[in-house]
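Chemist: Here it is: the structure, laid out below.
The values are calculated or read from the model by the stated rules, or taken from the named source; none is laboratory data. Since this is a predicted model, take the numbers as computed values, not measurements. Every residue, glycine as well, gets a Cβ built from its backbone with ideal geometry; the counts of neighbours run over all protein chains shown.
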Amino acid sequence: MQELPAQIEKLSKIYETRPLYFESKNYFYNLVVKIRTFLSPLALFLELKKIEFKMGRKKDLCLSDRPIDLDIVFYEDLRFSSAILKIPHPRALERAFVVIPTLEIEPDLREPVTGKKLCEIKQEREKEYLKQGIKALTEELKI
């Protein structure tokens, strides 16, 4: 992230979760980072893909274990869709490892498509999120 032309504003705790959508004996570590950047969404996306490549990520056609996965989940209140990028991330609300750490650093955030507060969405999906086995591993991270 230090390679990006961006300023880190907030970091969530690190969370451990089981993989979703595929079987693996491995767990994942997730966190949410709020940044300020002058990059457009597509330019930011391409910079994130460069970082993934440098860290050993291979081009996967299906979901699998990977050394790193960097996604743009929200970009202000933007709704954007192209062949390679959709904002908000289309599966963000399904994922406890996205919603819970996002709420930690942005408790009043509204999801741009539904207009609902993220805390309302968390409440509606609480049982679903509990099944995902999310666990905080750290205290609040400092920038």
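Chemist: Please tell me if Glu76 is of a type outside the set (A, V, I, L, M, F, W, C) and either farther than 18 Å from Leu103 by Cα or surrounded by 11 or more Cβ atoms within 10 Å (Cβ to Cβ) (or both).
Modeler: no
Chemist: Kindly indicate whether any position in the stretch 27-44 is in contact (Cβ under 8 Å) with a residue 12 or more places away in the chain, in contact with an Asp or Glu (Cβ under 9 Å, 6 or more places away or on another chain), of a type in the set (A, V, I, L, M, F, W, C) and part of a loop (DSSP other than H, G, I, E, B).
Modeler: For the stretch 27-44, residues in contact (Cβ under 8 Å) with a residue 12 or more places away in the chain, in contact with an Asp or Glu (Cβ under 9 Å, 6 or more places away or on another chain), of a type in the set (A, V, I, L, M, F, W, C) and part of a loop (DSSP other than H, G, I, E, B): present.
For (1) at pLDDT 95 or above; (2) in a loop (DSSP other than H, G, I, E, B); (3) under 12 Å from the mean Cα position of the chain (by Cα), each residue gets a yes or a no:
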site: Lys58; (1), (2), (3): no, yes, no
site: Cys62; (1), (2), (3): no, yes, no
site: Asp65; (1), (2), (3): no, yes, no
site: Ile68; (1), (2), (3): no, yes, yes
site: Phe74; (1), (2), (3): yes, yes, yes
site: Leu78; (1), (2), (3): yes, yes, no
site: Ile100; (1), (2), (3): yes, no, yes
site: Pro107; (1), (2), (3): yes, yes, no
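Chemist: How many residues are of a type in the set (Gly, Ala, Ser) and farther than 11 Å from Val32 by Cβ when one looks only at the stretch 1-15?
Modeler: Adding up the residues that qualify gives 1.
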